[in-house]
Amino acid sequence: MLKRLASVGGYTLLSRIAGFVRDIIMAAVLGDGFLSDAFFVAWRLPNSFRNIFAEGAFNVAFIPRYAAAREKRGEEQAAAFADNVYSWQIVAQLVLLALALACMAWIVEIMAPGFSAHPGQTALATALSRITFPYLILTVIAVQLSAMLNAHGKFAAAAAWSIFLNIAMIGTLLCAKWFPNAAYAAAGGVLLAGFLQIIFIVWAAARSHLRLRFTWPRWNPETKNFMGALGAATIGSAGVQIQLFFDTLIASFFPGVLTAVNYADRINQLPLGVLGIALATVLLPEMSTLIAKGDEAGAQGAQNRSAALGLFLTLPFMAAFLFVPHTIMRGIFAHGAFHVDAADVSAMALMGYGVGIPAFVLVRVIAATFYARHDTATPVRATILAVVVNIGMKFLLVWGFHLGALGVALGTSLGSWANVSLLVFLALRRGWLVIDEVFLRSLLPSFLGFAATGGAALAGATLGIALRPQGGLIQHEASLGLAVLFGAVAYGTVVILFRKRLPLGRLVGA
């Protein structure tokens, strides 16, 4: 499992690095105002629907059932099940695409009512959304083939296909002068990425003798069971996207806040993508297979080791986001049209996200114990609680306490902690989560890693400022470099001193 996690995490890390390059170029080209806010609304639409109907809900409903079909009925029946699911997906996505394109102007007005105060911004966001939304249907094949590859224990290609989004957007942003404006260039990159991703994942799947065929959709007991699970999972995934909808709605009334929150979230996605999503991607098929074989002890062990590793690897990021957020955002984004003041607003949002990093990762690990047992309803209830907490805190923090970008991000973090708390409580009560010695032994080095990384990063950032006078050349980059170096050395020291208490050698016993 550790080898598979390294594969997923490695390709995801490569994608995140490419994403950083993309975001740096995007910040320099788009800036932090009219164009960038309009594009981020246009990008959020297909992204949100993809997370609802594709990776977010689809994987948790499809992978356990596909894995069970392979285990109990063989490859041929599993392939027939996959083809039928794919056919239903295509029909549903075509209907959704037609409705979205026809109603796009109304959708944008609902999502970003604050744009009406800025002449032309709603129209621009609508035009961009019509370019980006077809990306959703183009990812249907990629998402399902990725899920099938994961179920077969092949994680590399499924983790690598997202890289093409960053490559395509970098290319179009660098060619922005040939588009009506830079926002159109970014939107064009999204659409181009959809085609590149399909080509890559179909090729990768063919190498593993996997394919999808469109057939006339059939309604049978197996499909009914899958659709019921998908419906429940969709409600859960929709809850997360409702939170993002309110992020957009609230931020649209404060120029620049939407852009600030998006760039902070891009940094926040590094630990989530490399660690959280990688852990969940590997853990779900692993637990599903073990439970299908009746190996409850093995499933519990996998989950405890995943939780221990997730906590140990994410707490240093939490420390960095809380101790040196301005150093991070200035060093990465304060270039071109994205000024220092804009980076500082993003830094406040990064602090808010930092509070929730462990929860963002742990919720995926804990939810796997329900999904692996074909229980999609319980995570939905936990998500509904998180949505209520999230939205309530956003309104309180942003309009009540006037915290702006910090309030938007902090509301998201508090909602995630509510989600984790309820999932842990329910899993413990049902006996589906047993906290073992491996997890308990990892707590001390995890919290020591947090303290050491945060303190060392702050010392490095402070030294960087002292060595380079205010306003000097590459001051922000030098401070960031020293913060990363000092933090990495401190964290590495903790790893070496406490390596025997950490599940670094293997994630699954035997």
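Coordinate-derived values only; no laboratory data. Owing to the predicted nature of the structure, the values given are computational and were not obtained by experimental measurement. In this analysis, Cβ positions are derived from the backbone assuming ideal geometry, glycine residues included, and neighbour counts consider all displayed protein chains.
In which sequence would M287, M393 go, from the one with the fewest C-beta neighbours within 10 Å to the one with the most?
M393, M287
Rounded, prolate or oblate: which fits the chain, taking a ≥ b ≥ c as square roots of the Cα gyration tensor eigenvalues, rounded meaning a/c under 1.5, else prolate when a/b beats b/c?
In terms of gyration-tensor shape, oblate.
Quick check on the exposure proxy: order Y184, Y135, Y263 from fewest to most C-beta atoms within 10 angstrom.
Exposure proxy ranking, most exposed first: Y184, Y135, Y263.
So, with +1 on the Cβ of K and R and -1 on the Cβ of D and E, and no other charges, what is the size of the charge dipole of the chain about its Cα centre, to the nearest 20 debye?
1100 debye
When the label point is put 7 Å from the Cα of S208 along its Cα-to-beta-carbon vector, which residues of segment 158-174 have a backbone N closer than 20 Å?
158-165
Putting +1 on Lys and Arg Cβ atoms and -1 on Asp and Glu Cβ atoms, find which of A18, F450, F498 reaches farthest to the positive end of the dipole of the chain.
F498
With only Lys, Arg, Asp and Glu charged, each at its Cβ (+1 for the first two, -1 for the last two), find how big the charge dipole of segment 33-235 is about the Cα centre; round to the nearest 20 debye.
Around 360 debye, computed over segment 33-235.
With bins 10 Å wide starting at 0, give me the P(r) of segment 254-411 over every alpha carbon pair, in whole percents.
11, 33, 31, 18, 7, 1
State the Cα centre-to-centre distance between segment 170-228 and segment 278-333 in whole Å.
Cα centroid to Cα centroid, the span is 27 Å.
How much mean residue ellipticity at 222 nm does the chain get from its helices, if each DSSP H run of length 4 or more adds -39500 (n - 2.57) and you divide by all residues, to the nearest 500 deg cm²/dmol?
Theoretical 222 nm ellipticity from helices: -27500 deg cm²/dmol.
Relative contact order of the chain: what whole-number percent is it, with Cα pairs under 8 angstrom and at least 6 residues apart?
Relative CO of the chain lands at 20 percent.
Within 10 Å of each residue's Cβ, count the other Cβ atoms and sort I465, I267, I332, I199 from fewest upward.
Listed from fewest to most nearby Cβ atoms, that is I199, I465, I332, I267.
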